[in-house]
Amino acid sequence: MLLRRITQHVKDQNWIAVALDLVIVVVGILIAFQITNWNEARIEKQREIVLLERLQFDFDRIVIWGERTMPRVNSAPEDTSWLIEKIRSDDKPELNGMFRTAAEASVFAVASFEISPTYQELVSTGTLSRISSPELRDALANYGRNRQAEKIVTEGLYAVQNRGVMREAIQFQTHSGDPAQTFQVSLDEIMVPISFDWEALKKTEPHLHVILQNQLYIRGWKQNTFRDAKQTLKLLNAELGIVDDPLSEAL
């Protein structure tokens with residue numbers, strides 16, 4: 001219809017009408033392109049929101065886990081130092097709360113922070129750029145790097161503790177229930193020292209020093225990783241319009 005009208009105007013040499021028809025065509029094309037771009041941007045934003053919600057779910061779990069485990073990580077070097085001082089002074093401790101805490105710190109290490117499955121997927125598929133916020137992308141990358149380093153040093157402590165030196169001197173109660181329910185049992189129910197050989201324990205002092213050095217090193221990396229996890233969660237909440245809990249901010 002429009003093409004026929006333009007052709008007629010050309011035949012009639014009505015150049016003003018031809019110009020107006022061309023303007024209408026160009027404007028129509030531009031409007032169509034803009035609508036297409038708006039639709040694509042809307043679809044891409046919806047996809048990004050889905051990714052942000054998945055990341056928020058991942059990091060909410062990571063931060064909750066950190067809030068539960070970091071007190072143990074932070075106190076582990078002091079607890080091990082307490083046991084070293086007892087051995088040095090040949091001051092045999094009672095099998096009480098302080099000894100139990102120190103014994104657990106010297107034998108068991110807190111697991112490494114989890115990696116976000118959603119972040120891992122974005123990295124492996126090369127689609128991290130789908131996150132539009134540069135600050136959030138940087139926070140995710142910082143967490144990924146620190147978490148990898150923290151995982152390596154944590155595995156180093158596992159290797160030291162798994163030599164079994166401390167386990168020969170300290171006997172721990174283990175959970176003997178249904179194996180399927182093991183992960184529902186708290187750490188305290190699994191890591192309870194029930195007896196120890198003081199003479200054997202005194203011989204572990206050099207080994208305890210190695211553990212202490214590892215604990216101090218790991219504490220720094222875990223603190224950095226936990227800080228990055230909280231910062232990432234804060235940015236995710238801001239992107240999604242979620243109000244942060246002021247109590248969790250203080251932790």
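The values are calculated or read from the model by the stated rules, or taken from the named source; none is laboratory data. Owing to the predicted nature of the structure, the values given are computational and were not obtained by experimental measurement. When we count neighbours, we look across all protein chains shown, and the Cβ atoms used for this are built from the backbone with ideal geometry, even at glycine. All accessible areas refer to the heavy atoms of the entire protein, side chains included, with ligands and DNA or RNA removed. Shrake-Rupley method; radii C 1.70, N 1.55, O 1.52, S 1.80 Å.
In loop segments of segment 62-130 as defined by DSSP, the GluC sites (Glu not before Pro) with at most 13 further C-beta atoms inside 10 Å of their C-beta are 94. Can you give me the % of accessible surface on segment 48-107 that is carbon or sulfur? Probe 1.4 Å, all protein chains present, nothing else counted. In segment 48-107, the share of accessible area belonging to carbon and sulfur is 49 percent.
Of all lysines in the structure, the ones whose alpha carbon falls short of 23 Å from that of residue 203, not counting any fewer than 8 places away in one chain, are 86, 92. Here segment 201-245 is assigned +1 on the Cβ of each Lys and Arg and -1 on the Cβ of each Asp and Glu. Its dipole about the Cα centre then comes out at about 360 debye. Per-residue packing, averaged as other Cβ atoms within 10 Å, sorts the ranges 144-155, 199-210 into the order 144-155, 199-210, beginning with the highest. Based on the Kirkwood radius over alpha-carbon pairs, what is the Stokes-Einstein translational diffusion coefficient of segment 74-168 at 25 °C with 0.890 mPa s viscosity, in µm²/s? Taking Rh from Cα pairs, D becomes 150 µm²/s. Candidate cross-link partners of residue 45 among the lysines, defined by an alpha-carbon separation under 27 Å and a same-chain spacing of 8 or more, comprise 230, 234.
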